[in-house]
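Below: one structure, written as structure tokens.
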Amino acid sequence: MTYRAGWIHFTNVAPILDSLVLPPQVSAITGVPTQMNAALLSGQVDIANISAVEFIRNADTLEALPDFSVAVLGPVYSVNLFHTRPLQELRRIALTAQSAMSVALLEVLLRGRGLSPALERAEGEAEDLLNSGYDGVLRIGDSALREWYRVVGPLTPERTMTMLPDSGRGITVTDLAEEWFRLTGHPFTFAVWAYRKDRPPPAALIQAMRVARRDGIGHLAEVAQRHAARLGLPERVVQHYLWNFRYHLEAPDRLGLEEFAAKAVPGHAPLRFGERPAR
Ligand SMILES: C=C(O[C@@H]1C=C(C(=O)O)C=C[C@H]1O)C(=O)O
């Protein structure tokens, strides 16, 4: 019987997925986070790299691979709130329907500051939405990375990624993972590779994913070059963006995940992970 995978194939997982050779009898589909979350929860696929909040919400039926994550310590560059007034004055924020995780994180961060602006789903470019009645726009993934760079770039030899300002063109960019770090001192884990407890992945798939990740991280400059061309961004931006991710769900990433779970989904079932690979 075929084992079905669902991949959120944003650039941030290119170092794992680009060189992945699926074992025989494993098939894969791709989509944005909310599509892959739904595909896993409905049983359309058996494993997917899903929004960590959906893993937490469904902890009674799901388990996650113990050594795969999309996490960061500090800024992520691609989960951004673009806004035209100070955070405490925001009245109307446009959310993206692609994302479950960033919406849950935004809610936690707003609640922590005692803020309650209206949150509405609306698609489109951040700048267009900011010109049409919204004072905040939440965007994720490749388009958020591109819009961030359009607002705060360009990079010069004197201005590296971490030195870029947080505003430009009258727009401030609040990086939600950096806000999380300021609040907790922990990494933020955006995605885990989850599967239904009764449908664990074949060992050959996990092995192939580990080989692909090693290969991707070992050839990060080439991965960055390929995707920079596709995204229309400088190679240096994409390379920094990619090396900044934590792909191994290490102890700090789990700590961040557990802390987020306690804040966002109080009373959730215990989070379950498959066995750790031998060291
Ligand atoms: C950091 C990101 O991570 C992704 C964001 C997700 C979400 O917001 O639901 C889900 C999976 C992650 O891979 C991003 O795409 O910008």
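The values are calculated or read from the model by the stated rules, or taken from the named source; none is laboratory data. For clarity, every value in this text was computed on a predicted model and none was experimentally measured. Using ideal geometry, Cβ is built from the backbone for each residue, glycine included, and neighbour counts are taken over all protein chains shown.
Among the residues of the range 31-63, count how many are assigned to a helix (DSSP H, G or I) and within 15 Å of Lys197 (Cα to Cα). Full working, then the answer.
So in the range 31-63, the residues assigned to a helix (DSSP H, G or I) come out as 33-42, 52-57.
Now restrict to residues that are within 15 Å of Lys197 (Cα to Cα): 40-42, 54-57.
Selection size over the range 31-63: 7.
Conditions (1) more than 18 Å from the chain's Cα centre (by Cα); (2) surrounded by 17 or more Cβ atoms within 10 Å (Cβ to Cβ); (3) assigned to a loop (DSSP other than H, G, I, E, B), marked per residue:
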position	(1), (2), (3)
Glu179	no, yes, no
Ala204	yes, no, no
Ala212	yes, yes, no
Arg226	yes, no, no
Gln239	no, yes, no
Asp253	no, yes, no
Glu259	no, yes, no
Pro270	yes, no, yes
Arg276	yes, no, yes
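Can you confirm whether Arg57 is basic (Lys, Arg) and touching a residue at least 60 places away in the same chain (Cβ under 8 Å)?
On the way: basic (Lys, Arg): yes; touching a residue at least 60 places away in the same chain (Cβ under 8 Å): yes.
Answer is yes for this residue.
Identify, by number, the condition in (1) modelled with pLDDT of 95 or more; (2) assigned to a loop (DSSP other than H, G, I, E, B); (3) hydroxyl-bearing (Ser, Thr, Tyr); (4) crowded, with 17+ Cβ neighbours inside 10 Å that Ser99 doesn't meet.
Condition not satisfied by Ser99: (1).
Examine the range 83-90 for a residue that is assigned by TED's automatic domain parsing to the domain that holds Lys197 and surrounded by fewer than 19 Cβ atoms within 10 Å (Cβ to Cβ), and state whether such a residue exists.
No, the range 83-90 contains no residue that is assigned by TED's automatic domain parsing to the domain that holds Lys197 and surrounded by fewer than 19 Cβ atoms within 10 Å (Cβ to Cβ).
May I ask you to list pairs of residues, at least six apart or on different chains, whose Cβ atoms are under 7 Å apart, with the first in the range 187-202 being under 20 Å from Val53 (Cα atoms) and the second being outside any strand (DSSP E or B) and hydroxyl-bearing (Ser, Thr, Tyr)?
Short answer, once both residue conditions are applied: Arg196/Thr61; Lys197/Thr61.
Using beta carbons and a limit of 8 Å, which pairs, at least six apart or on different chains, have the first residue in the range 31-50 and on the phi > 0 side of the Ramachandran plot and the second one away from the ligand (no atom under 13 Å from the Cβ) and not hydrophobic (A, V, I, L, M, F, W, C)?
That search, which allows pairs on different chains as well, returns Gly43/Arg196.
Any chance the range 105-122 includes a residue that's closer than 22 Å to Arg272 by Cα and surrounded by fewer than 17 Cβ atoms within 10 Å (Cβ to Cβ)?
Checking the range 105-122: not a single residue is closer than 22 Å to Arg272 by Cα and surrounded by fewer than 17 Cβ atoms within 10 Å (Cβ to Cβ).
Here are Ala71, Ala122, Ala48, Ala144: which of them is more than 10 Å from the ligand (Cβ to nearest atom) and either under 20 Å from the mean Cα position of the chain (by Cα) or in the same structural domain as Val173 (by TED's automatic domain parsing) (or both)?
Selected residue: Ala122, the only one of Ala71, Ala122, Ala48, Ala144 that is more than 10 Å from the ligand (Cβ to nearest atom) and either under 20 Å from the mean Cα position of the chain (by Cα) or in the same structural domain as Val173 (by TED's automatic domain parsing) (or both).
Would you mind stating whether Thr156 is of a type in the set (Val, Ile, Thr), under 22 Å from the mean Cα position of the chain (by Cα) and at pLDDT below 95?
So Thr156 fails the test.
Here is a check on your reading of the model: is Asn58 closer than 26 Å to Pro200 by Cα and either within 12 Å of the chain's Cα centre (by Cα) or more than 10 Å from the ligand (Cβ to nearest atom) (or both)? So that I can check it myself, show each step before the final result.
Numbers: closer than 26 Å to Pro200 by Cα: yes; either within 12 Å of the chain's Cα centre (by Cα) or more than 10 Å from the ligand (Cβ to nearest atom) (or both): yes.
Yes: the conditions hold for Asn58.
State all residues of the range 1-30 that are part of a strand (DSSP E or B) and within 16 Å of the ligand (Cβ to nearest atom); if no residue qualifies, say none. Spell out the reasoning first.
Taking the range 1-30 first, the residues part of a strand (DSSP E or B) are 3-8, 26-30.
Residues satisfying the conditions are Ala5, Gly6, Trp7, Ile8, Ala28, Ile29, Thr30.
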